[in-house]
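Following: one structure in structure tokens, then a few remarks.
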């Protein structure tokens, strides 16, 4: 009886997935190959302990983790790699975090900027979002929190990127003459 149920579930799954990109037997488009396992994550101005944790998590998850010490370095690396996620330490030396979040979030590929802070509350989260940031993560960093935040940010970024590739109304340009 267990095999019959498994067979039924497999058949239903096959019917449901038929015709979906990447599941139909044809090779997926280049954009469909992007996965959470090969994304670039930029870390801006972290302590040695937080850098080690982020590097270890990135290594296990096959993320391309790069560290920057300044906003300019982070922006340059993010633009070059089209990094979808930037983790930015609130305790930046020589920079106001509000300005840095705004600059990094305004990248052409719209990276999701996650501020890390020892103090996290609704007021800070609202301020980060108002400046174009994505989320706030409490310090000291914990692996499960980093993984969750990066996965959610990547998912949001990837969905927004795909949605921008398809205009909401494809006939809008044709109607105006």
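Read-outs throughout are calculated quantities, based only on the coordinates presented, and are distinct from any laboratory measurement. Quick caveat, the model's predicted, so the values are computed rather than measured.
Mean separation of Cα pairs under 8 Å and 6 or more residues apart, divided by the residue count, gives the stretch 35-161 a relative contact order of 24 percent. Could you work out the percent of alpha carbon pairs in the stretch 35-161 separated by over 26 Å, rounded to a whole number? Counting every Cα pair in the stretch 35-161, those more than 26 Å apart make up 9 percent. Separation of the stretch 38-52 from the stretch 74-106 is 12 Å, based on Cα centroids.
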